[in-house]
Amino acid sequence: MKYIPNTSRDKEKIYKKLGVSSFDELLEDIPKELISDKRIDIPGPLSEIEIERKLESLSAQNAPEKKILSFAGAGAYDHYVPAHIETIISRSEFLTAYTPYQPEISQGTLQTIYEYQSLICELTGLDVSNASMYDGASALAEAALMASRIKKRNKILIAGTVNPSYVKVVKTYLQGLEIEVLTIPQKNGILDIDVFKELIDENVNACVFQYPDFFGSIQDIDEYCEIASSKGALKIFSVDPIALGILESPAAFGADIITGEGQPMGIPLSFGGPYLGFFACRREYVRQMPGRVVGATTDKEGRHGFVLTLQTREQHIRREKATSNICSNQALTALAACVYLVSLGKEGIREVALQCLSKSHYAAKSLCSINSEIELINDKPFFKEFALSLPVSARDVIERMSISGIIPGVALSSFFDKSYENMLLVAVTEKRSREEISSLVSGLDKTIKQLY
Amino acid sequence: MSEKNSSKLIFEYSREGKKGYSLPQLDVPEVDIEKVVPERLLRKKPAQLPEVSEPEIIRHFINLSRKNYSVDTGFYPLGSCTMKYNPKINEKMSSLKGFKELHPFALEENCQGALQIMYELSDMLSKISGMDAVTLQPSAGAQGELCGTMIIRAYFKDKGEKRDEIIIPDSAHGTNPASAALAGMKVRTVKSSEKGELDIDELEKAITPATAALMITNPNTLGFFESGIQKISSMLHKNGSLLYMDGANLNAMLGFLKPGDMGFDIVHFNLHKSFSTPHGCGGPGAGPVGVKKELSDFLPVPRIVRKGNHFHFDWEQKKSIGRLHSFYGNFLVMVRAYVYLLSVGEKGLREISENAILNANYLKESLKNYYELPYDRKCMHEFVLSGSKQKKKGVKTLDIAKRLMDYGFHPPTIYFPLIVNEALMIEPTETESIETLDEFIEAMIKIAEESETEPEIVKNAPHSLSISRLDEVKAAKQLDLNYYARKQ
């Protein structure tokens, strides 16, 4: 095999050194009956030419190669990815490096993580950021766990407008611990604030919100923050990082922990992963923060450098008492986000956010003007995504339109009950052109007429 | 080629008006933001992100990359981390447009290629491990462990049994106890025997009616195969408990040993270790989990199922522990592992383990006269030395690790497993040539000699890098985690 340099002569040399005559002699500790000479029925070995042929044919069966125009969002967004991000993250010294436990030969990784942490702090308006987490959902789950470590109470309140997949992950993470997860109900994307007021009490560790929420709406976060604070609960937000280009961060309203999905920041759709969970909190909670953290320091000669720090919180030191079981971060996707934020800069992050806002509003207006039975499900302000109520089943619309090459959005009935059957969640990023939006509008118009 | 040693941060290149991006002219009417968003929700002060041009960005980050050690530039004998070569065809295939630009909510008929890869990769991992079902959802080995312990918990809950203890050997990875605790289980630690294996007498004492499972690494972190594994398995199963295998060391057994045959009920895989996907400076990895049939109902949803020639998502698993990921896991990592398995095939699997084991034993035999070898026996794909001989001269294992950098090598895993004093845990992997191993041996011998003759040179290493030893205490005491806070 071409990945193994040892030749048969090398192996002979090794056998000689070890004083054995065959490989089997090295396996004397292994019970014979466990050593299998049965075939493992897997394909291969294939040559590179054969692999390329096979993988190209598999790739061709997927939407991007079928040139399907997509307005799907619901947690994964088709944003612009500057070409030079790929150049940087595919650089071997980043791609094939290990966790930076030996700082003297990992300054490249460590400095980029420090820069990443700084950028996340600036964007979210919070004091400290960790080196990243698996994805938006697990980052939110870890935030709920962290709040529970800080408050030591027994409940978490989670808004019904949070991405339902995230809610499931939070529940999965908390199922073994004695913490009850209660949902603040919503209808058509509007949270029931009265029920929220009833649910919140002195046993709540934290209230969890999404901003803009799963339906794309921007709700009255200041009011929710005040109510949560009145009972001493922490405020956790899962945010869209691009929206923070124009929207005030929940930090300004008192958020204690801000997490989110970093995929919009220069990371391709990738069928859902690898993505990036970002995580920032107030400085007073830094020692309860999960995951890895990089800090600046100096060497013996006083030169500036970076190391992994606060490691006494981590699993390799504290074992079952660690702040989390995580022993990796998403270093490479965090690097992509770092390069993305640096590339866009102060002007770019605002410009990309404004384009999303303008294009989604243009699309919403155009779609609603098809006929009077198409309307937004609520009148809350929205950023780049919005939910429409249609006169017919959203699933049927999606299936029909996809045949002609357009995915008009995601059906909300996939996430909620039957009353959402006619609701379609549409995402419009800066990448969608006016022409593409026109195709969406005319496609939907035609499809609805057909389905009537 | 001279290396620019500037430690400038990207923020220091920022000048108003520089741009590192380009966007098309807005082709729809611009929305008056104040009309659609209440004023109090608008950002008052723009995020002060740096303003830098594309060439400066490239030069900054490429220069930073040159301050990193990596598998493509050198040898990483890191025990339990399996830093093997990452084949380039894996990268090329994972960047195909149909994978990279695929939205996770594409309709099933528009993601058949992706689903087929996931289905077939799960199938290959099942066959390699002797398990009945595999989920690809966990994003890392540690998340795989969490998934596994949650499955254990859910299994007993479903059976109506109250079992809340997990037994873990003292040689285990720190993630094992941390994951078990996160799943709400109590951890009981069991000592290792003088032979460097799990002490079966101690295990017997630890097993109680509350024992849900034993969580072990096989071969263990000392590099030895647990020769009593069948006995261990029957002891646990007789008690109604389950057996979990941390698959960190799977590289030692590919193709000829199966965890399923040893009695394991659950195993996690580290695609970034045994299956050659890049570590990426610490992530993303992927940590699939395989289980025996009676546990398959508890796997996370969605599962990928096949009906005829069609692949689809199955969300209907009532006993499932739920979800661990926003979507389906780290798909592009899965593509790389899939390509790797296709390129090695069954025959290749055996060659991998055989050469990993040969290389490890070769290093061990070559170094045992210079460093203390606490357990002198044949090893699997890794082994543990102790720097205790050198410590007597005032040279710590940490010093040896730093000195190795001067000789051009990444240090081994150090101070782990915790049960070996001044531990150096070495794993060469199958992708290193005997010439590289000889160079490494030579460097290790020189350091052993230096520790005798001129210990100061080792104690003050590294000497050849742009930076010397960093003050970690200062980093923790005077926390500086954010450039913007530093500026204030």
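Do we find a residue being in the same structural domain as A:TYR211 (by the TED database), polar (S, T, N, Q) and touching a helix residue (DSSP H, G or I) at 6+ places or on another chain (Cβ under 8 Å) anywhere in the range A:61-69? No, that holds for no residue. Scanning the range B:149-178 for residues that are aliphatic (A, V, I, L, M), surrounded by 24 or more Cβ atoms within 10 Å (Cβ to Cβ) and farther than 13 Å from A:GLU320 by Cβ yields B:MET150, B:ILE151, B:ILE152. Yes or no: the range B:445-461 includes at least one residue that is crowded, with 17+ Cβ neighbours inside 10 Å and closer than 30 Å to B:ASN218 by Cβ. No, the range B:445-461 contains no residue that is crowded, with 17+ Cβ neighbours inside 10 Å and closer than 30 Å to B:ASN218 by Cβ. The strands (runs of 3 or more DSSP E) located wholly in the range B:169-269 that include 3 or more residues which are among the β-branched types (Val, Ile, Thr) occupy B:186-190, B:211-217. Scanning the range B:261-269 turns up at least one residue that is at pLDDT 95 or above, touching a Ser or Thr at 6+ places or on another chain (Cβ under 9 Å) and within 9 Å of chain A (Cβ to nearest Cβ).
Annotation note: of A:VAL181, A:VAL170, the sole residue that is within 26 Å of A:SER249 (Cβ to Cβ), aliphatic (A, V, I, L, M) and surrounded by 22 or more Cβ atoms within 10 Å (Cβ to Cβ) is A:VAL170. Tell me which residues, restricted to the range A:277-312, are among the aliphatic types (A, V, I, L, M) and either in a loop (DSSP other than H, G, I, E, B) or closer than 20 Å to A:TYR101 by Cβ (or both). Matches in the range A:277-312: A:MET289, A:VAL293, A:VAL294, A:ALA296, A:VAL307, A:LEU308, A:LEU310. Looking for whichever is on the phi < 0 side of the Ramachandran plot and part of a loop (DSSP other than H, G, I, E, B) here; the options are A:THR429, A:THR447. Which one fits? So the residue among A:THR429, A:THR447 that is on the phi < 0 side of the Ramachandran plot and part of a loop (DSSP other than H, G, I, E, B) is A:THR429. Checking each residue in the range B:293-304 for being open to solvent by less than 40 Å² (accessible area, probe 1.4 Å), more than 8 Å from chain A (Cβ to nearest Cβ) and not in a helix (DSSP H, G or I) picks out B:LEU299, B:VAL301, B:PRO302, B:ILE304. Looking only at the range B:121-148, residues that are within 8 Å of another protein chain (Cβ to nearest Cβ) and open to solvent by less than 10 Å² (accessible area, probe 1.4 Å) come to 9 in all. Taken over the range A:168-188, the residue count meeting the criterion of being without any contact (Cβ under 8 Å) to a residue 12 or more places away in the chain, of a type in the set (S, T, N, Q) and farther than 17 Å from A:ASN325 by Cα is 0. A count restricted to the range A:122-149 and to residues that are in a helix (DSSP H, G or I) and in contact with a Phe, Trp or Tyr (Cβ under 6 Å, 6 or more places away or on another chain) stands at 5. Give the number of residues within the range A:51-71 that are open to solvent by 10 Å² or more (accessible area, probe 1.4 Å), at the interface with chain B (Cβ under 8 Å from one of its Cβ atoms) and either without any contact (Cβ under 8 Å) to a residue 12 or more places away in the chain or small (Gly, Ala, Ser) (or both). Of the residues in that region, 10 qualify.
Filter the range A:136-156 down to residues that are out of contact with any Pro (no Cβ under 8 Å at 6 or more places or on another chain) and surrounded by 24 or more Cβ atoms within 10 Å (Cβ to Cβ), then give me how many there are.
Total satisfying the criteria: 10.
The set of residues in the range A:91-110 being more than 7 Å from chain B (Cβ to nearest Cβ) and open to solvent by 30 Å² or more (accessible area, probe 1.4 Å) consists of A:TYR101 alone. Residues in the range B:20-47 that are more than 24 Å from A:SER217 (Cα to Cα) and more than 7 Å from chain A (Cβ to nearest Cβ): B:SER22, B:PRO24, B:GLN25.
Within the range B:319-348, restricting attention to residues that are basic (Lys, Arg) and either more than 7 Å from chain A (Cβ to nearest Cβ) or within 13 Å of B:ILE117 (Cα to Cα) (or both), which residue is surrounded by the most Cβ atoms within 10 Å (Cβ to Cβ)? Among those that are basic (Lys, Arg) and either more than 7 Å from chain A (Cβ to nearest Cβ) or within 13 Å of B:ILE117 (Cα to Cα) (or both), it is B:ARG336.
Being touching a residue at least 24 places away in the same chain (Cβ under 8 Å) and either open to solvent by 10 Å² or more (accessible area, probe 1.4 Å) or part of a loop (DSSP other than H, G, I, E, B) (or both) is true of B:LEU418. Of all residues in the range B:349-390, those that are in contact with an Asp or Glu (Cβ under 7 Å, 6 or more places away or on another chain), open to solvent by less than 10 Å² (accessible area, probe 1.4 Å) and outside any helix (DSSP H, G or I) total 5. Given the criteria without any contact (Cβ under 8 Å) to a residue 60 or more places away in the chain and outside any helix (DSSP H, G or I), does B:LEU465 qualify? Against the criterion (without any contact (Cβ under 8 Å) to a residue 60 or more places away in the chain and outside any helix (DSSP H, G or I)), B:LEU465 does not qualify. Residue-level analysis places B:PHE11 among those that are within 8 Å of another protein chain (Cβ to nearest Cβ), in contact with an Asp or Glu (Cβ under 9 Å, 6 or more places away or on another chain) and among the aromatic types (Phe, Trp, Tyr).
The rows are residues; the columns are (1) in contact (Cβ under 8 Å) with a residue 60 or more places away in the chain; (2) touching a strand residue (DSSP E or B) at 6+ places or on another chain (Cβ under 9 Å); (3) farther than 22 Å from B:GLY141 by Cβ; (4) open to solvent by less than 10 Å² (accessible area, probe 1.4 Å).
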site: B:GLU54; (1), (2), (3), (4): no, no, yes, no
site: B:ILE62; (1), (2), (3), (4): no, no, yes, no
site: B:ARG66; (1), (2), (3), (4): yes, no, yes, no
site: B:GLY79; (1), (2), (3), (4): yes, yes, no, yes
site: B:TYR85; (1), (2), (3), (4): yes, no, no, no
site: B:LYS88; (1), (2), (3), (4): no, no, yes, no
site: B:GLU91; (1), (2), (3), (4): yes, no, no, no
site: B:LYS97; (1), (2), (3), (4): no, yes, yes, no
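Can you tell me which residue within the range A:260-314, out of those that are of a type in the set (Ser, Thr, Tyr) and free of Cβ contacts under 8 Å to residues at least 24 places away in the same chain, is farthest from the other protein chains (Cβ to nearest Cβ)? Looking at the filtered set, the residue picked out is A:THR312. Against the conditions (1) free of Cβ contacts under 8 Å to residues at least 24 places away in the same chain; (2) assigned to a loop (DSSP other than H, G, I, E, B), A:GLY75 satisfies every one except (1). Annotation: A:ALA336 fulfils all but one of (1) facing chain B (nearest Cβ under 7 Å); (2) crowded, with 24+ Cβ neighbours inside 10 Å; (3) part of a helix (DSSP H, G or I); the unmet one is (1).
When only residues in the range A:189-215 that are free of Cβ contacts under 8 Å to residues at least 60 places away in the same chain and of a type in the set (S, T, N, Q) count, which is farthest from A:ILE150 (Cα to Cα)? Applying the filter and picking the extreme gives A:GLN210.
In the range B:293-309, the residues that are free of Cβ contacts under 8 Å to residues at least 60 places away in the same chain form Cβ pairs under 9 Å with partners that are open to solvent by 100 Å² or more (accessible area, probe 1.4 Å) and acidic (Asp, Glu), at six or more places apart or across chains, as follows: B:VAL301/B:GLU316.
The values are calculated or read from the model by the stated rules, or taken from the named source; none is laboratory data. This structure is a prediction, so every number in the text was calculated from the model and none was measured. Note that each Cβ is placed from the backbone with ideal geometry, even for glycine, and that neighbours are counted across all protein chains shown. Ligands, DNA and RNA are stripped out before the accessible areas are found, and what is left, the full protein with its side chains, is counted by its heavy atoms. Shrake-Rupley method; radii C 1.70, N 1.55, O 1.52, S 1.80 Å.
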